[in-house]
Amino acid sequence: MSTFKNLHASGNGASISLNMGRLNGQFDRAQAWLDNQVIVDCTPYVPMNTGQLYRSAITGTKLGSGEVVWDAPHARKCYYGFNMNFRQDKHPDAQAQWFEAAKAACKTNWVNMAKKLAGGG
């Protein structure tokens with residue numbers, strides 16, 4: 001959760017007060033959207049057999065935290081592709097390091113939409 005404080009400055013007969021608290025909600029919404037979108041956009045690249053690995057991102061991630069976590073027991077082994085041959089019948093684009101693949105394909109959209117939701121674009 002973001003915490004922006006109000007700013008106050010004065011000097012030479014002038015005074016300025018900025019209510020920065022309104023930004024908290026905007027940044028929190030942008031972060032929650034980004035966390036969710038990373039999961040959505042990574043899905044085609046995540047190896048799929050039973051679906052446990054895919055579901056582990058949903059259960060392992062607290063939307064808005066800024067950290068997307070695949071917490072299945074075999075997630076690390078799959079992510080780094082240690083001695084893995086991924087089935088591609090369910091996800092034809094399945095591969096190791098699925099976040100990197102999704103980032104290459106979606107980074108511009110992620111940045112633009114997060115900026116827009118945070119009030120800066």
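Here are some notes:
- Here the residues Tyr80, Tyr45, ranked from fewest to most Cβ neighbours within 10 Å of their Cβ, fall in the order Tyr80, Tyr45.
- Set of lysines near Lys115 by C-alpha distance (under 23 Å), chain-local residues within fewer than 8 positions excluded: Lys5, Lys62, Lys103, Lys107
- Here, the stretch 25-118 yields an orientationally averaged convex hull projection of 5.7 nm² when only Cα atoms define the hull.
- The magnitude of the dipole of the stretch 25-118, with charges of +1 and -1 set on the Cβ of Lys/Arg and Asp/Glu and taken from the Cα centre, is near 60 debye.
- Long-range HN-HN contacts of Phe86 with modeled amide H, under 5 Å: none
Since every read-out is calculated from the coordinates, none of them should be taken as a lab result. Not measured: the values here are computed from a predicted model. Note that we place each Cβ from the backbone using ideal geometry, even for glycine, and neighbour counts take in every protein chain shown.
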